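Colleague: After the structure tokens below, expect a handful of questions from me.
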Amino acid sequence: MKTLYTLLFSIVASALIAQQQHDHAHHYPIQAIPFQQVKLQDKLWAPRIEVVRNSTIPHVFRKNQETGRVKNFEMAASTNPDRVCSVFPFDDTDLYKLIEGVAYALRTKADPKLQAKVDSLITIIGAAQEPDGYLYTFRTIVERRNNPNLVANVDARGANLSWLTGPRWAKEDDLSHELYNAGHLYEAAVAWYEATGKRNLLDIALKNANLVDQSFGPGKLQKAPGHQEIELGLVKLYQTTGEKRWLDLAKFFIDVRGYGEPYSQNHLKVKDQRDAQGHAVRLAYMYAAVTDISALTGTDEYSTALKAVWEDIVNKQIYITGGVGATGSNEGFGGAYDLPNYSAYCETCSSIAFVNWSHKLFQLTGDARYLDVVELTLYNALNAGMSLSGDHFFYPNPLESRKNVARTEWFSCACCPPNLVRFYSSLAGLFYAQKENELYLNLFAASQTSFETNKGKKKIKVDIQLESEYPSNGLIKVRVNPAQPNAFTLKVRIPGWARGEAIPLGLYNFVDAKTQNIVFKVNGVVFPVSVSGGYATIKRNWKKGDVLEFELPMDVQRVAAHPLVKADEKRYALKSGPFVYCIEGRDQADDRVLNMLVSKDAKISRQFEPNLLGGQATLQFEGQLVTKKLSETSAELKPMSLKAIPYYAWANRGRDNMLVWLPYDVSVAKAIAQPTLATKSKLTASPELKGALTAASDQSAPKSSGDGESTFVHWWPHFGTQEWLQYTFPDAQQVSKVRVYWFDDGATGGGCRVPQSWRVLYLDNGEWKPVTTSQAYTTNKDAWNEVKFDAVKTTALKIELQLKEKVSAGVHEWEVE
Ligand code: FUB
Ligand code: ZN
């Protein structure tokens, strides 16, 4: 139950904000119904939001404490701090994002204890702020230190202090993240003020924003934020305080760009950008702010860029899961049609940012295409970012796993978990929107909401109750209860997938695209609707007790990718409703899902399994395990019944194989590893080797040393050390040759290179001895490195590598004969 105080405050605050919005000349033409006004009651999202409240929030709190993030504020607040307690200067934001998320959670359910806990954190944050408003714990700690051991302590923890060398803001347009931190502070402050009525964090934020305003702008520092985010925070400060200078400052930070690198979208003036380049989270945060600024100032100067960049992503750079930012090396866009599945990056934060931006574009334009993409990313790439239990996370969200990834509790760079807290806690705001007397039903879930229509000068409240089992079932019933009969319009979004369109603009297409006629009934009687622009429009005089009914087709559809997406060639993905499906090892009789073939016309049935992964609609069909390739076009096959689950629900039962794009043609299918001495042996390695060890013997030949689509193991971040890999044979074997394919990702800015040197050793009566050879131990890139040696009979063979100075090394494949 909300306390009376909170309730009264929310009413007054909403009225105040509404008044301010009314007073400003411009606002979004379509307004989302705010999340606190939408009660989700479904079986997918409502439980997810509760998991975030009960599990994720306490977990992220604990992790912020355990990992030194809270301690950083305490250190900065003390007069004699002795160390920076975590690694990244943007770690402060993990606390800010958590506070923002808690604020949203409190708006739907009061929790005085939790509120008090955040209040005491805010006290610490305030104490860490410098007298002129500067708030960035790393610099404050370093500058306030009078402990001579500080630098040593800092270095021992691997803190990234090089990012903040020099005076304040010196590295802002590079990596310091001072303004990025400020932006998350402002977003948290506004959320906290709206949830509690307390100005404690808002005053801290405004003091900081004043300093930023005094420091940056025409005639002052003319620098672009290295990581966009402050622009979104400033827009929120403007919306809350009504002070136009915050909006102006946000616009300044957009317009000052155009003198730097594509990595942070600084290569061109924003209004002149036409394609998506660089870091994906930076890009989407920036364009979300540009959309806000366009709506709130009424300018159309960015409209071509907004549309072109979004279309470039959706036309050429998005995954079927809705994930964006394919490449790990820049955490961002990799270029047109470059969409590898195994190495797909698709950072969880980039999904969050992209959903947020696309939703704003809808509110600006009314174009339902933006919502098709919101839905695709939300139900798939984004929702995969968090485990069903709410306390394990994915940072990248690949579309193929070779048992090499698992969700983890936390990351050293922990941007994603607290971002999920704020996202899920305000998710209900994506479902409905309003424009004058039109209510948009944009996403579907059993839920309750209300809105007001205008009848002349009179406002009439309308309660909406949506009843449905969606997305398990497509039947949707909307009970419409206006306080008085009156004429208004319900605009029901007909998702692209129900209109034969897998994604707007055609990067992915349904193999048998069908447009199904969706019948709308009002009070049981067919109601003729006009469908255009992705919406069915139902305009009538509504009265209490009216019921609108329709059914969305949940048939399973095969999806093919554009022919230029080489990674998906001769493969189909499966989709039903908003969900993209995958096959995960443990659901099959044989877990080698990466070696399956599924015929083009396999019959697919769909069935709801209430006890699987919290209740899932699964797909059943026949496939074949490729046991041996006979030629490019033929193979030995073993029939196999397969089950697919929604992609978001994978990786909740441990490390596993997983595949989204299913080969239908033998030429692209992979056969299981054929038995060799390597596969029959036990592989071990020097400690802290990363990656699934089987990578070295799985016979997935790389195309090059940097081939991220081929499995590999590596020792990063061990630099210059001596490392080893060892095969222990089932019994004594005679061996005389090894071949190694080194992993080297130097070309894409990674930290692994071919080793300085290596040699082969064999076990002789418990003693390791080098083999005898006249051949050179080569360290060639992009090639096999073969060494023949005098035959030895042994039970174990080892390769010993000396890593180059300051870099690490890795191995794609190691064969032995
Ligand atoms: O730089 C701050 C955050 O850390 C970014 O948004 C993420 O991509 C990660 O690099
Ligand atoms: Zn992230």
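Colleague: Please state which one of ALA428, ALA433, ALA446, ALA414 is within 16 Å of ligand 2 (Cβ to nearest atom) and touching a residue at least 60 places away in the same chain (Cβ under 8 Å).
Modeller: ALA414
Colleague: Now a separate question. Determine whether LYS109 is out of contact with any Cys (no Cβ under 8 Å at 6 or more places or on another chain), in the same structural domain as GLY183 (by TED's automatic domain parsing), open to solvent by 10 Å² or more (accessible area, probe 1.4 Å) and within 16 Å of ligand 2 (Cβ to nearest atom).
Modeller: no
Colleague: Next up: Checking ILE318 against (1) away from ligand 2 (no atom under 16 Å from the Cβ); (2) open to solvent by 10 Å² or more (accessible area, probe 1.4 Å); (3) within 28 Å of LYS403 (Cβ to Cβ): exactly one of these is not met. Which one?
Modeller: (2)
Colleague: Any residue in region 570-598 that is closer than 17 Å to ALA498 by Cα sitting within a Cβ distance under 8 Å of a residue that is among the polar types (S, T, N, Q) and crowded, with 20+ Cβ neighbours inside 10 Å? List the pairs, counting only those 6 or more apart or interchain.
Modeller: If the second residue must be among the polar types (S, T, N, Q) and crowded, with 20+ Cβ neighbours inside 10 Å, the pairs left are LEU574/GLN557; LYS575/GLN557; SER576/GLN557; PRO578/ASN380; PHE579/ASN380; VAL580/THR321; VAL580/ASN380.
Colleague: When you go through ALA536, ALA567 one by one, which is the residue that is crowded, with 18+ Cβ neighbours inside 10 Å and part of a strand (DSSP E or B)?
Modeller: ALA536 is the lone residue from the list that is crowded, with 18+ Cβ neighbours inside 10 Å and part of a strand (DSSP E or B).
Colleague: List the pairs whose first member sits in region 24-51 and is in contact (Cβ under 8 Å) with a residue 24 or more places away in the chain, whose second member is basic (Lys, Arg) and surrounded by 15 or more Cβ atoms within 10 Å (Cβ to Cβ), and whose Cβ atoms are under 6 Å apart, counting only residues at least 6 apart or on separate chains?
Modeller: From residues that are in contact (Cβ under 8 Å) with a residue 24 or more places away in the chain, the pairs are ILE30/LYS435; GLN36/ARG107.
Colleague: Right, here's the next one. Could you go through region 379-392 and let me know if any residue there is touching a His at 6+ places or on another chain (Cβ under 8 Å), within 16 Å of ligand 1 (Cβ to nearest atom) and modelled with pLDDT of 95 or more.
Modeller: There is no residue in region 379-392 that is touching a His at 6+ places or on another chain (Cβ under 8 Å), within 16 Å of ligand 1 (Cβ to nearest atom) and modelled with pLDDT of 95 or more.
Colleague: Follow-up question, since we're still on this one. Could you list, in sequence order, the residues of region 766-817 that are in contact (Cβ under 8 Å) with a residue 60 or more places away in the chain and aromatic (Phe, Trp, Tyr)?
Modeller: TRP814
Colleague: Being touching a Ser or Thr at 6+ places or on another chain (Cβ under 8 Å) and within 16 Å of ligand 1 (Cβ to nearest atom) is the filter; apply it to region 61-90 and report the residue that is nearest to GLU130 (Cα to Cα).
Modeller: Per the stated criteria, the residue is ASN72.
Colleague: Output yes when any residue across region 217-230 is assigned to a helix (DSSP H, G or I) and either open to solvent by 10 Å² or more (accessible area, probe 1.4 Å) or within 16 Å of ligand 2 (Cβ to nearest atom) (or both), and no when none is.
Modeller: no
Colleague: Further question: If a residue has to be part of a loop (DSSP other than H, G, I, E, B) and among the charged types (D, E, K, R) to count, how many in region 249-300 make the cut?
Modeller: 6
Colleague: One residue is enough: does region 292-309 have a residue meeting the conditions farther than 22 Å from HIS227 by Cα, within 16 Å of the chain's Cα centre (by Cα), more than 16 Å from ligand 2 (Cβ to nearest atom) and surrounded by fewer than 24 Cβ atoms within 10 Å (Cβ to Cβ)?
Modeller: Checked region 292-309: no residue is farther than 22 Å from HIS227 by Cα, within 16 Å of the chain's Cα centre (by Cα), more than 16 Å from ligand 2 (Cβ to nearest atom) and surrounded by fewer than 24 Cβ atoms within 10 Å (Cβ to Cβ).
Colleague: Might you let me know whether region 219-228 holds any residue that is touching a Gly at 6+ places or on another chain (Cβ under 7 Å) and of a type outside the set (A, V, I, L, M)?
Modeller: No, the conditions are met nowhere in region 219-228.
Colleague: Going through region 385-411 one residue at a time, which ones are away from ligand 2 (no atom under 12 Å from the Cβ) and in contact with an Asp or Glu (Cβ under 7 Å, 6 or more places away or on another chain)?
Modeller: ASP391, HIS392, SER401, LYS403, GLU409, listed by residue number.
Colleague: Shifting gears a bit: Suppose we keep only residues that are under 22 Å from GLN277 (Cβ atoms) and of a type in the set (A, V, I, L, M, F, W, C) within region 212-234. Which one would you say is farthest from the chain's Cα centre (by Cα)?
Modeller: By that ranking, first place goes to ALA224.
Colleague: Can you confirm whether GLN557 is in contact with a helix residue (DSSP H, G or I) (Cβ under 9 Å, 6 or more places away or on another chain) and not hydroxyl-bearing (Ser, Thr, Tyr)?
Modeller: In short, yes.
The values are calculated or read from the model by the stated rules, or taken from the named source; none is laboratory data. Given the structure is predicted, the values throughout are model-derived calculations rather than measurements. Cβ sites come from the backbone with ideal geometry, for glycine too, and all protein chains shown count toward neighbours. When the accessible area is computed, the model is the full protein with side chains, heavy atoms only, and any ligands, DNA or RNA have been set aside. Shrake-Rupley method; radii C 1.70, N 1.55, O 1.52, S 1.80 Å.
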